[in-house]
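The values are calculated or read from the model by the stated rules, or taken from the named source; none is laboratory data. Nothing here was measured: the structure is a model prediction, and the numbers come from that model. We place every Cβ from the backbone using ideal geometry, glycine too, and count neighbours over all the protein chains shown. Note: accessible area is taken over every heavy atom of the protein model, side chains too, but ligands, DNA and RNA are not part of it. Shrake-Rupley method; radii C 1.70, N 1.55, O 1.52, S 1.80 Å.
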Amino acid sequence: MNIPPRILLSTLFAMTLVQARAASERIYIGTYTNNGPSLGVYTLTLDTSSGALSKAVPVAELRNPSFLALNPVKPVIYATCELAGPDGSPIGGLTALAMNPATGDLRPLDQRTIAGKSAPCHVIVDPSGRAVLAAQYNEAIVSSFPVLADGSLGPIGSIVHHAGKTGPNTARQERPHAHSFSISPDGRFAFAC
């Protein structure tokens, strides 16, 4: 029995489930690349009978793709990342990656920059697959991008810089920090934490 693709997310991976009784499932893992030999996004397979994982294989070379989100209606994965800004210094960004469902290979569709010097910490796709939302922790920025027909990202649709005072733990709450997005069950509202 076939079921529609679903998304399982954590700060490290996004997994697509293609069949309820599949012998294996493909997993994508986003990584931090600053302090080690990591290249970016990797894929591996999970044997659903034994629980064994295959060796991880790099499929997209990106800087700090620490969070991934799967478009629920298109074979596209969106990855948080750091891109080169106008002066060459890091700037927050998102990369759209077309997924080959048969092989698991990823092909870059496009990249979009977001203000700020670090990668977003969270990305999510709305249930219709028409909008991508990102949160940047260090810069307290939340932003949205329209999804084009091929799954690539259109120009930034909105950007909001959060402002406010310190929190009770001033060591890590010296200013606002955007953590994540959630979307209401009816798909009408997005909530930024």
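With a 1.4 Å probe and every protein chain kept in, tell me what percent of the accessible surface of the range 67-193 is carbon plus sulfur.
On the way: 3540 of 6190 Å².
The value for the range 67-193 is 57 percent carbon and sulfur by accessible area.
For L109, the residues whose amide H sits under 5 Å from its own are A96, L97, A98, ignoring neighbours fewer than 5 places away on the same chain, with H placed 1.01 Å from N.
Applying a DSSP loop filter and a limit of 16 other Cβ atoms within 10 Å to the trypsin sites (Lys or Arg not before Pro) in the range 66-153 leaves K117, R130. Note that the range 28-70 shows a convex hull volume over its alpha carbon atoms of 77 Å³ per residue. What the range 102-193 shows is 55 Å² of accessible area per residue, with the surface traced by a 1.4 Å probe over protein heavy atoms. Seen from all directions on average, the range 78-193 presents a Cα convex hull projection of 8.8 nm².
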